[in-house]
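Below you'll find the structure, written out as structure tokens, and then a few comments.
The values are calculated or read from the model by the stated rules, or taken from the named source; none is laboratory data. Small disclaimer: the values here were computed from a predicted structure and weren't measured. Positions of Cβ are backbone-derived with ideal geometry, glycine not excepted, and every protein chain shown enters the neighbour counts.
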Amino acid sequence: MGKVFNEILPEHAAFIKKQHLFFVATAPLNPQGHVNVSPKGLHALHLLSPTEVVYLDLTGSGNETSAHLQENNRITFMFCSFDKVPNILRLYGSGQTILPSHKTYKDYSQYFEMPIGVRQFIYSKIHRVQTSCGYGVPLFDFVADRNTLNQWAVNKGNTLHQYQQEKNLISIDGLPTALNLNHGK
């Protein structure tokens, strides 16, 4: 059965650090808006404290998480065990987009290899940690991280910033992202 905690316990931290994949979910306030769930990998998450996490957000085809956080700051992380011991762990929190111009950006960058495609960090203050059985999650074997996104960013070269300006300023529901709000600064 699931259990609820006020913070990330050492056993939760150990479980999180073993995962090659996690999911981030956000949603706009508008009930007709689109709920966004994004898979994340590439060692992109760092536990700052029992109630704080940050992840490295790479340039992609959209920027829904940032837009939703600008509007309402709600965020959920989900980690699933795909090996022999079933487990699901969710972190519920409030989030914030951290752009390169933010005073804490450099502090967070020390925790990650900084590939060319870095767009921003997503910082979250966690207020609820919940476990559940994971009995329905299938078994999978990890083969390797993909290098495709990193290579795509390398190939974009000097046009990566232009791509972000074209694709990452407005959510699919028309909400501004942090990049949009910082546009021109």
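Data for the structure
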{"item": "Residue that is surrounded by the fewest Cβ atoms within 10 Å (Cβ to Cβ) [pool: residues in the range 44-67 that are of a type in the set (A, V, I, L, M) and closer than 19 Å to R119 by Cα]", "result": "L58"}
{"item": "Close pairs (9 angstrom Cβ cut-off, 6 or more residues apart or separate chains): at pLDDT 95 or above in the range 45-68, of a type in the set (D, E) and not in a loop (DSSP other than H, G, I, E, B) anywhere", "result": "N63/D57; T65/D57; S66/D57"}
{"item": "Scope the range 23-43; condition crowded, with 21+ Cβ neighbours inside 10 Å and either among the charged types (D, E, K, R) or within 8 Å of the chain's Cα centre (by Cα) (or both); matching residues", "result": "V24"}
{"item": "Breaking point among (1) closer than 17 Å to T65 by Cα; (2) among the polar types (S, T, N, Q); (3) in contact with a helix residue (DSSP H, G or I) (Cβ under 8 Å, 6 or more places away or on another chain), for N182", "result": "(3)"}
{"item": "Given (1) touching a residue at least 60 places away in the same chain (Cβ under 8 Å); (2) among the small types (G, A, S); (3) part of a strand (DSSP E or B); (4) surrounded by fewer than 16 Cβ atoms within 10 Å (Cβ to Cβ), index of the condition G95 fails", "result": "(4)"}
{"item": "Selection count, the range 62-92, where residues are of a type in the set (A, V, I, L, M, F, W, C), in a strand (DSSP E or B) and under 18 Å from S171 (Cβ atoms)", "result": "1"}
{"item": "G134 vs. criteria touching a strand residue (DSSP E or B) at 6+ places or on another chain (Cβ under 9 Å), at positive phi and either surrounded by 14 or more Cβ atoms within 10 Å (Cβ to Cβ) or of a type in the set (S, T, N, Q) (or both)", "result": "yes"}
{"item": "Number of the condition not met by I122 [criteria: (1) of a type in the set (V, I, T); (2) farther than 16 Å from L58 by Cβ; (3) touching a Gly at 6+ places or on another chain (Cβ under 7 Å)]", "result": "(2)"}
{"item": "Any hit, the range 1-14, residues being part of a loop (DSSP other than H, G, I, E, B) and more than 19 Å from I126 (Cα to Cα)", "result": "yes"}
{"item": "Breaking point among (1) within 23 Å of S61 (Cβ to Cβ); (2) modelled with pLDDT of 95 or more, for Y92", "result": "(1)"}
{"item": "Residue among A178, A144 that alone is over 21 Å from H34 (Cα atoms) and among the aliphatic types (A, V, I, L, M)", "result": "A144"}
{"item": "Single residue of the range 134-164 satisfying the filter (aromatic (F, W, Y) and assigned to a helix (DSSP H, G or I)) that is farthest from G62 (Cα to Cα)", "result": "W152"}
